């Protein structure tokens with residue numbers, strides 16, 4: 001970007017922040033699934049950084065810059081960053097000896113402008129070994145200067161599309177998603193509209209990062225996905241977004257919300273397959289694919305103090321309350337999520353999520 | 001800092017954020033004095049950057065990093081940053097021609113963790129020509145990696161000490177500041193305690209910045225001060241903090257707050273003289289003094305829609321409500337600031353503030 005151009009904040013991306021604060025319904029207290037992804041990735045992360053981080057990256061910078069994209073409000077982002085720094089320090093020592101001067105770390109926590117950065121900053125670990133900064137704005141646009149990042153991390157964030165595809169909300173389109181709030185149980189046209197949106201968004205993501213990541217720099221991404229060859233309608237979406245959609249339709253029948261209001265509401269998440277991801281990375285051309293590997297399943301099972309339906313309902317509320325409230329207003333929240341809990345109690349036993357660890361390396365031009 | 005050390009957040013500094021939000025009492029809407037400092041500095045800033053910014057600084061970085069320390073919530077911080085970028089771009093063009101490739105700008109907005117960063121991020125200019133980041137924590141400690149800043153700016157922030165000197169709150173000390181909330185109308189012992197605290201704080205400030213600013217990098221600081229040879233009790237403090245203190249003592253008489261509560265309350269601002277500043281910069285030894293110049297006086301005079309007393313009262317509330325509330329509780333705020341307004345109406349006509357533009361350059365070791 002030349003200085004004459006302008007950096008517009010979030011020109012097309014919609015923001016769906018996780019529930020802020022640290023109350024009972026907050027994301028900070030209800031992100032166990034997302035924590036599972038971070039924990040599962042830890043060992044692999046060590047291995048990836050040990051094997052894939054080039055010596056030239058280690059020896060060049062006066063400080064080592066890490067970005068966590070879609071960081072939300074913690075605590076998962078802090079564990080992830082600590083894991084990464086630990087792995088990079090290990091790599092320094094194993095590669096350059098125990099007496100090597102390790103550079104200082106600067107960590108950029110990025111999320112939408114509407115993320116609760118005040119809470120994030122207040123909960124920064126007291127004894128952190130890095131300089132912290134917050135960077136507001138969608139990661140589907142440029143957020144950092146050219147060649148300024150050495151390692152990019154993102155966990156359970158890249159399944160959010162930048163927006164609901166326009167045709168899905170268009171009554172006159174074949175892809176109009178009437179009576180549903182997600183594409184996973186919808187018509188082929190709706191699915192195709194989401195596939196296209198995913199490809200467009202990932203191309204924007206890769207194009208932006210290609211400018212920001214130094215040659216040889218790594219992107220370590222935990223992305224919820226589905227194995228190649230499976231359909232979009234699998235057990236997890238059935239008990240999450242599809243079930244929430246059916247609760248909203250129940251509220252239509254009870255006269256609490258209008259049918260039109262539900263028809264104009266879609267949750268823009270997308271579950272990619274490794275094959276799709278490979279295609280878009282290859283089309284972009286700036287990154288080599290170092291790893292795409294399925295992480296051990298995170299199984300949400302009964303706990304001593306909380307059964308699966310309660311856990312699911314708490315997670316669903318923390319993750320989607322913001323977007324639901326924005327569209328339907330605050331007054332339906334309790335009724336909707338109570339209903340959702342009841343339906344979970346009818347349907348859900350143990351549930352598992354599939355996440356892929358994706359490692360990309362910035363190629364030299 | 002080696003990676004093994006830890007970066008503690010605000011170990012000793014107290015935070016006194018300006019009033020957040022954008023309501024009638026907010027700092028965002030009541031910072032005209034502070035805006036005056038930014039406006040007055042603009043022309044000088046252009047001159048300073050044109051004359052003092054070395055070619056080697058311009059030609060080396062792939063991106064140009066600016067920090068605004070004590071940024072509060074805007075809009076002054078955004079104007080200041082725009083002025084700086086404009087001046088740097090001018091310098092690039094005049095030095096290296098109109099076709100020079102100007103690096104990208106990254107701007108770090110720094111203030112205490114309790115600053116309202118959510119508001120700051122939401123009000124970032126849409127068409128900004130820089131990448132924005134927020135950095136929480138006191139500027140009396142390290143906040144940035146080694147040699148990572150090219151230009152540091154701070155406006156109307158360095159008059160806040162890191163804390164009230166301990167002896168000022170100690171009943172058994174000669175420097176106990178009984179019956180007053182500020183040092184400016186206090187005993188010699190109280191004044192000396194503040195002079196010492198100022199010197200200690202500035203040494204910490206300079207020591208931290210010396211590590212963070214690249215060789216040749218500039219610090220451009222607007223600091224409220226008093227001319228050499230003047231006392232600490234001058235017209236401006238008389239109608240601001242001294243008057244607020246007398247309002248609190250009135251509330252003691254009315255039985256609204258206890259005398260002890262007022263005795264244990266001090267507002268830790270300090271008004272330096274150029275001589276004092278020079279002494280501490282020379283003792284630190286890492287920066288050359290390029291300029292210390294008094295900016296044109298900012299005169300707070302009657303306006304069409306607001307007379308001086310109202311203006312003063314609004315500024316005072318925006319700047320001190322946080323610290324007052326923390327100590328005395330929310331319930332006294334309206335009564336206190338109403339009383340302050342009444343006293344201003346008795347005392348204040350036009351008021352002027354003295355600010356110095358200080359330019360320091362990082363010397364090579």
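The values are calculated or read from the model by the stated rules, or taken from the named source; none is laboratory data. Model, not experiment: these values are computed from the prediction. Neighbour counts are summed over all protein chains in view; Cβ atoms, including those assigned to glycine, are modelled from backbone coordinates with ideal geometry.
Evaluate the range A:277-297: report whether one residue or more is in contact with a helix residue (DSSP H, G or I) (Cβ under 7 Å, 6 or more places away or on another chain) and either closer than 27 Å to residue A:116 by Cα or at pLDDT below 90 (or both). Looking for residues that are in contact with a helix residue (DSSP H, G or I) (Cβ under 7 Å, 6 or more places away or on another chain) and either closer than 27 Å to residue A:116 by Cα or at pLDDT below 90 (or both), one finds at least one in the range A:277-297, hence yes.
Is there a residue in the range B:163-176 that is in contact (Cβ under 8 Å) with a residue 40 or more places away in the chain and under 20 Å from residue B:355 (Cα atoms)? No, the conditions are met nowhere in the range B:163-176. For the range A:201-209, the criterion of being closer than 25 Å to residue A:347 by Cβ, modelled with pLDDT of 95 or more and surrounded by 21 or more Cβ atoms within 10 Å (Cβ to Cβ) is met by no residue.
For the range B:141-159, a tally of residues being in contact with a helix residue (DSSP H, G or I) (Cβ under 8 Å, 6 or more places away or on another chain) and more than 7 Å from chain A (Cβ to nearest Cβ) returns 10.
Could you tell me whether any residue of the range A:164-182 is out of contact with any strand residue (DSSP E or B) (no Cβ under 6 Å at 6 or more places or on another chain) and closer than 30 Å to residue A:48 by Cβ?
no
Considering A:163, A:171, the condition of being more than 13 Å from chain B (Cβ to nearest Cβ) and over 23 Å from the mean Cα position of the chain (by Cα) is satisfied by A:171 alone.
This table checks each residue for (1) farther than 30 Å from residue B:115 by Cα; (2) out of contact with any helix residue (DSSP H, G or I) (no Cβ under 9 Å at 6 or more places or on another chain).
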site: A:43; (1), (2): yes, yes
site: A:69; (1), (2): no, no
site: A:80; (1), (2): no, no
site: A:94; (1), (2): yes, no
site: A:103; (1), (2): no, no
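Pairs needed: first member in the range B:94-105, touching a residue at least 12 places away in the same chain (Cβ under 8 Å); second member anywhere, surrounded by 14 or more Cβ atoms within 10 Å (Cβ to Cβ) and in a loop (DSSP other than H, G, I, E, B); C-beta distance under 6 Å; at least 6 residues apart or different chains. Listed by first residue and then by second, the contacts come to B:102/A:3; B:103/B:61; B:104/A:1; B:104/A:145; B:104/A:146; B:105/B:130.
Taking the conditions (1) touching a residue at least 40 places away in the same chain (Cβ under 8 Å); (2) in a helix (DSSP H, G or I); (3) more than 12 Å from chain A (Cβ to nearest Cβ); (4) touching a helix residue (DSSP H, G or I) at 6+ places or on another chain (Cβ under 9 Å) in turn, residue B:191 satisfies each one other than (4).
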